[in-house]
Amino acid sequence: MAPQTTSADARHVSSPGNTFAAQEPAVPPMRMPHLEFVYRIVANMDQTKVSEIKNIDGAGLIRLILPIKDGVVDGPRIRGVIVEDSGADWAEIPNPDKIFTRLNARYTVKTHDGFHILVTATGIFRPGPGVEMSKPAPDASQDDVEYFTQIRLEAPGDSPYNWLNGIVPVGVMTMSKGRPIIDCYRLTNFPGVTAENL
């Protein structure tokens, strides 16, 4: 059965969790959160400086260090660039026999008006159902992979970007010609209301 919109506001969809707590009448119904677009990043990786640490602690764990060369950031309320050579993805491959990667990236964004923002992102990369990969591909669409991150943003409190410190951002990712493309969304219960007005 598809989730139903609530009568109070047609924008809201009731949570599937409501059907699992029906035996708890004192629990109020909940609704699904909304996703609001924050920005898109197109990042350039420096493939010439990738390094690998194999068999960490004899457990078969592999750590790939993938330097982030630069990139662009563009959204309705933020635009800028990834500061050149300001970060990397310290990706972890827990099982060398599987294409499954835990992402762990940190880098700095410089906005068009001169403010610096630290981005920290952790997540996963893995093939979707029926997709055969011997290694992560330079091109991977949302039809091919699960590629998501949880993002933390640290912006100066006295800047126009202070609102980024108070949101819960998630990244939806694809890969094009070896470049990660990240659409960042914020989770919210209040669609259409800017974060600083909550």
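Points worth noting:
- Sites Arg63 and Glu154, calculated FRET efficiency, Cβ-Cβ separation with R0 30 Å, nearest 0.05: 0.80
- Dipole-positive endmost among Pro160, Tyr147, Gly130 within region 127-198 (Cβ charges, Cα centre): Pro160
- Global geometry of region 95-137, whether rounded, prolate or oblate, following the gyration tensor of its Cα atoms and the 1.5 cut on a/c: prolate
- Rounded, prolate or oblate (a/c below 1.5 giving rounded, otherwise prolate when a/b exceeds b/c) for region 1-112 by Cα gyration tensor: oblate
- Relative to the Cα centre, the charge distribution of the chain, modelled as +1 at Lys and Arg Cβ and -1 at Asp and Glu Cβ, gives a dipole magnitude of about 40 debye.
- Global geometry of the chain, whether rounded, prolate or oblate, following the gyration tensor of its Cα atoms and the 1.5 cut on a/c: oblate
Values in this text are rule-based calculations from the coordinates and carry no lab data. This one's a predicted model, so the numbers in the text were calculated from it and none came from an experiment. Virtual Cβ from ideal backbone geometry, glycine too; neighbours counted across all protein chains shown.
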